[in-house]
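The values are calculated or read from the model by the stated rules, or taken from the named source; none is laboratory data. Not measured: the values here are computed from a predicted model. When we count neighbours, we look across all protein chains shown, and the Cβ atoms used for this are built from the backbone with ideal geometry, even at glycine.
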Amino acid sequence: MIYVANITIPKGTSANQAVCERVKISLGLIYKIELQFPPGCGGLAHIVINDGGYQVWPSTPDSNFATDDYTISFEDTYLKQVDPSELQIYGYNEDETYPHTIQVRIGVAAKYEFMARYLPTMTYDYFMKLMEKKEAEEREKTSKLLAAPFAYLTPGED
């Protein structure tokens, strides 16, 4: 799933008065982030993405994304497993003349099977759990068969 949020930052918004846009997402693996800065931003519109009180992107504390007429796009493997199922996008704008709207796109793989595509070790773990489950089912069938190998000879039982 791809979630899209547009954050409009009024002109002259300081970092201390940053605008916050909350984006509801599914719990799962965040595998892609895109931030589209339109022409005219001039590197004056700044964005950070948080999960609760923790700055996730950019990963460097006290840094932010800012550019002009460019889409910042990168893959990541951030596992969001705990509610609230949202991210917070904070923005401020040093431009004293114009407001700026930045579009943020967030790719989330919500199902375990899709997460495995991005985290290969999950595939192995998932496969091993399936094999253990199948083995337990086969053991149960074998136990029943050994308990009554000729069930068809026992009257009243199918």
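Need at least 3 residues that are in the same structural domain as T8 (by TED's automatic domain parsing) and among the aromatic types (F, W, Y) per element, so show me which strands (runs of 3 or more DSSP E) inside segment 50-110 make the cut, counting only ones lying wholly within it.
Qualifying strands (runs of 3 or more DSSP E): 70-80.
Given the condition within 30 Å of G12 (Cβ to Cβ), under 28 Å from the mean Cα position of the chain (by Cα) and modelled with pLDDT of 65 or more, answer yes or no: does some residue in segment 106-114 qualify? Yes, that holds for at least one residue. Of all the residues in segment 19-51, those that are over 20 Å from D95 (Cα atoms) and either of a type in the set (D, E) or without any contact (Cβ under 8 Å) to a residue 12 or more places away in the chain (or both) number 2. Assess whether I7 counts as being closer than 26 Å to A110 by Cα, assigned by TED's automatic domain parsing to the domain that holds V104, in contact with an Asp or Glu (Cβ under 7 Å, 6 or more places away or on another chain) and among the β-branched types (V, I, T). Judged against the criteria, I7 is a match.
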